[in-house]
There are 2 protein chains.
Amino acid sequence: MRNHQVVSVWLEGELGAGRLAIGSRLPGERAMAEQLNISRASVREGTRVLEALGVVRAGVGSGPQAGTIITANPALALDSALRLHVASTHLPVGDIVQTRLLLETWAAAHASPESPALRSATALLDEMDAHDDGPAGFLERDALFHVALAEATGNVLIGAMMGSLRGSIAEYTQRLTTGLPDWEATSGRLRREHRAILEAILSDDGAYAAALVREHIEGFYQESGVHGSAGT
Amino acid sequence: MRNHQVVSVWLEGELGAGRLAIGSRLPGERAMAEQLNISRASVREGTRVLEALGVVRAGVGSGPQAGTIITANPALALDSALRLHVASTHLPVGDIVQTRLLLETWAAAHASPESPALRSATALLDEMDAHDDGPAGFLERDALFHVALAEATGNVLIGAMMGSLRGSIAEYTQRLTTGLPDWEATSGRLRREHRAILEAILSDDGAYAAALVREHIEGFYQESGVHGSAGT
DNA sequence: TAGCTTGTGTGGTCCGACCACATGGCCGTA
DNA sequence: TACGGCCATGTGGTCGGACCACACAAGCTA
């Protein structure tokens, strides 16, 4: 085992034993180096990995925000990993879109009507009605709306995955809108569909909500001139 | 932006521009440090992150396996991230099981009968029949079988996710088997179900395959004394 | 020719130093 | 006493240089 991995292993042990938890502050790099019998450079390499995985957050200076603190951001790991693997052309965007469709339909079917995440989802829809700042602003809120639905299922993993996928698809979706003949008409339709989906979830009609989501997503891609890429 | 992030950004640019691709060898750490105008320590921190995300693989010495080489292992990032986030109790195992069920039923429904991955799946089932090395060996092949099904869909992302999920659940599943009254009977049933699932996929009957997978998984958890954790 | 030796380049590790930063306590002043 | 500025302290961030283990390839040797 390489020395920098000692840090991950050690942390996993501490977490498992309950000696450390989310919000805890790790020992200083110099102290940890001595404690684990490795150099500070190795400690730093280890913490960089933990940081990339969304497990810790490093802050300089002193005070509450300083030091290396345990956080919980599983989406971060997925996010950066997706970016790079897409860039390496090893991960087709079509696969991501397909996965998104899978997760979203499931989320719509299993979202809890009582989830507080639905309140922010409602707020987002209101914003989309109130503001009219073009495709960019609309899609931004659209993405957040869909992530909120995923979070409403209470499943942390699926919520994190949706959050990461959203970022990866954002650019792609943005590009699609440029080919649309009538943005006003499209956005109006999308807004109505959002309301219907939310309504179905709040009425505890998961199956109907899932069907609406499927139509919603597939409809958008079809209108944007993409065929078959999201054939779930 | 911190210096070690320069490496990721630079690599993403190189990949996007096509100057580097999977299999390419990165410049040596010393050369990269000079090229990017950062210290070797920073370069190393950057490559550690890339390594953790499954984007590169580092090898010492000289020859074909030496140096830092671009790979494509998206599952690695998810794998280590899941381990740590589960350890931090931020990610319930139930969520993972639930996600697994979602991905697997979808995979069964969308696996391509012509996929070469199904051949290795068949081989795994034959091995499970031939060898009888207890729950440990059985579950190992069982996991690989399910991952093979996911890969048979051709969706890289879903395949990678399944691979990571299985790893995270492995220990959990292992523990469940200890509570089983009659392992022989259970393994026999699981083997028959595997055959039926594979048969359904090869017959291009995705819907039936998905239903079988659902029963297969839920049945196992129920028999193991877990109730409701996998309620998709 | 076969086998050993040596050279070269790779990542792995370590040390010691300095920097920027944020805080909290000390000290001088009003 | 109360206020305000200064500085000691501890944090992560960065750097340069050094040495190691390793794996291969070229060259030397028997």
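The values are calculated or read from the model by the stated rules, or taken from the named source; none is laboratory data. Since the model is a prediction, treat every value here as computed from it, not as a measurement. Quick reminder, even Gly has a Cβ in these numbers, built from the backbone with ideal geometry, and neighbours come from all protein chains shown. For accessibility, only protein heavy atoms count, side chains too; no ligands or nucleic acids. Shrake-Rupley method; radii C 1.70, N 1.55, O 1.52, S 1.80 Å.
See the values below:
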{"item": "Filter result (more than 8 Å from chain A (Cβ to nearest Cβ), more than 9 Å from DNA strand C (Cβ to nearest atom) and open to solvent by less than 20 Å² (accessible area, probe 1.4 Å)) within the stretch B:47-75", "result": "B:Val56"}
{"item": "3 or more residues under 18 Å from the mean Cα position of the chain (by Cα) and among the charged types (D, E, K, R): qualifying helices (runs of 4 or more DSSP H) within the stretch A:40-126", "result": "A:93-110"}
{"item": "Residue identified as within 14 Å of another protein chain (Cβ to nearest Cβ) and either touching a Phe, Trp or Tyr at 6+ places or on another chain (Cβ under 7 Å) or over 22 Å from A:His85 (Cβ atoms) (or both) among B:Ile169, B:Ile197", "result": "B:Ile169"}
{"item": "Residues within the stretch A:159-180 that are open to solvent by less than 40 Å² (accessible area, probe 1.4 Å) and of a type in the set (S, T, N, Q), tallied", "result": "4"}
{"item": "Of all residues making up the stretch A:25-39, the number that are assigned to a loop (DSSP other than H, G, I, E, B) and either under 19 Å from A:Leu76 (Cα atoms) or within 11 Å of DNA strand D (Cβ to nearest atom) (or both)", "result": "4"}
{"item": "Index of the failed condition, A:Ala148 passing every other in (1) more than 14 Å from chain B (Cβ to nearest Cβ); (2) surrounded by 23 or more Cβ atoms within 10 Å (Cβ to Cβ); (3) farther than 14 Å from A:Ile197 by Cβ", "result": "(3)"}
